[in-house]
Amino acid sequence: MNSLKILGVDPGVKKIGWALGEGKKDFKLVKFECLRIDSSQKNLLVIFEFFENLIKKYKPTVLAIEKVIFSKNRKTAIEVAKVIGVLEFLGQKYKLEIVEVSPKELKKLITGDGLASKEQMKKLLEISFKKDFKNLASDVFDAISLCLSGFYLTKQKKLLKS
């Protein structure tokens with residue numbers, strides 16, 4: 001199995017967390033940040049150009065996106081769905097394997113418990129990566145979790161095929 005390069009993205013409207021990781025056996029976190037979008041910008045074009053440049057530069061093989069489940073704010077749900085559409089379009093354009101992870105599945109993959117709290121997830125990831133994530137924006141933290149989950153799920157899928 002070749003080394004996997006994963007781009008994890010927590011889709012949002014004004015803030016999008018993203019993380020890059022790679023590994024063959026063990027996962028290594030490469031980079032993580034938050035893309036902030038000014039309300040005066042053309043959101044989808046900014047998002048498209050930013051992530052296209054990121055994909056061209058780092059050449060990930062997997063795109064892990066949070067499967068967003070909404071029940072309250074319909075307008076926000078529509079805006080986030082547009083962002084997901086842009087990301088999935090880029091994933092298809094650059095032939096990335098797209099992995100969608102629900103919040104419950106994400107918690108289960110990271111902690112073993114689908115009902116775990118964010119604090120429990122943070123503690124486990126801080127121990128795993130030997131980094132302090134206490135002051136990290138939740139969007140970025142979610143992207144790191146998605147990146148790691150994308151690694152686990154893709155690795156598991158590839159092992160099952162062989």
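The values are calculated or read from the model by the stated rules, or taken from the named source; none is laboratory data. Keep in mind it's a predicted model, so treat the numbers as computed, not measured. Because the Cβ atoms are built from the backbone with ideal geometry, glycine has one as well, and the counts that use them run over all protein chains shown.
Out of contact with any Pro (no Cβ under 9 Å at 6 or more places or on another chain), among the acidic types (Asp, Glu) and closer than 18 Å to Glu66 by Cα, is that true of Asp142?
Numbers: out of contact with any Pro (no Cβ under 9 Å at 6 or more places or on another chain): no; among the acidic types (Asp, Glu): yes; closer than 18 Å to Glu66 by Cα: yes.
Here the answer is no, as Asp142 does not meet what is asked.
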Q: Tell me, please, whether a residue that is assigned to a helix (DSSP H, G or I), touching a helix residue (DSSP H, G or I) at 6+ places or on another chain (Cβ under 6 Å) and crowded, with 19+ Cβ neighbours inside 10 Å can be found in the range 36-51.
A: yes
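Quick check, is Val46 under 15 Å from the mean Cα position of the chain (by Cα) and either farther than 21 Å from Ala137 by Cβ or of a type outside the set (Lys, Arg) (or both)?
Details: under 15 Å from the mean Cα position of the chain (by Cα): no; either farther than 21 Å from Ala137 by Cβ or of a type outside the set (Lys, Arg) (or both): yes.
No: the conditions fail for Val46.
Residue-wise test of (1) under 19 Å from Gly21 (Cβ atoms); (2) at pLDDT below 95.
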{"residue": "Lys57", "(1), (2)": "yes, no"}
{"residue": "Leu63", "(1), (2)": "yes, no"}
{"residue": "Lys75", "(1), (2)": "no, yes"}
{"residue": "Val80", "(1), (2)": "no, yes"}
{"residue": "Tyr94", "(1), (2)": "yes, no"}
{"residue": "Lys131", "(1), (2)": "yes, yes"}
Q) Any idea how many residues of the range 126-152 are in contact (Cβ under 8 Å) with a residue 12 or more places away in the chain and in contact with a Phe, Trp or Tyr (Cβ under 7 Å, 6 or more places away or on another chain)? A) 6
Q.
Could you tell me how many of the residues in the range 106-124 are touching a Leu at 6+ places or on another chain (Cβ under 9 Å) and of a type in the set (S, T, N, Q)?
A. 1
**Q.** Total residues in the range 6-33, condition surrounded by fewer than 18 Cβ atoms within 10 Å (Cβ to Cβ) and under 14 Å from the mean Cα position of the chain (by Cα)
**A.** 4
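Sort out which residues of the range 58-81 are under 14 Å from Leu96 (Cα atoms) and in a helix (DSSP H, G or I), and write them in order of number.
Taking the range 58-81 as the starting set, the residues that turn out to be under 14 Å from Leu96 (Cα atoms) are 58-65.
Selection gives Tyr58 alone.
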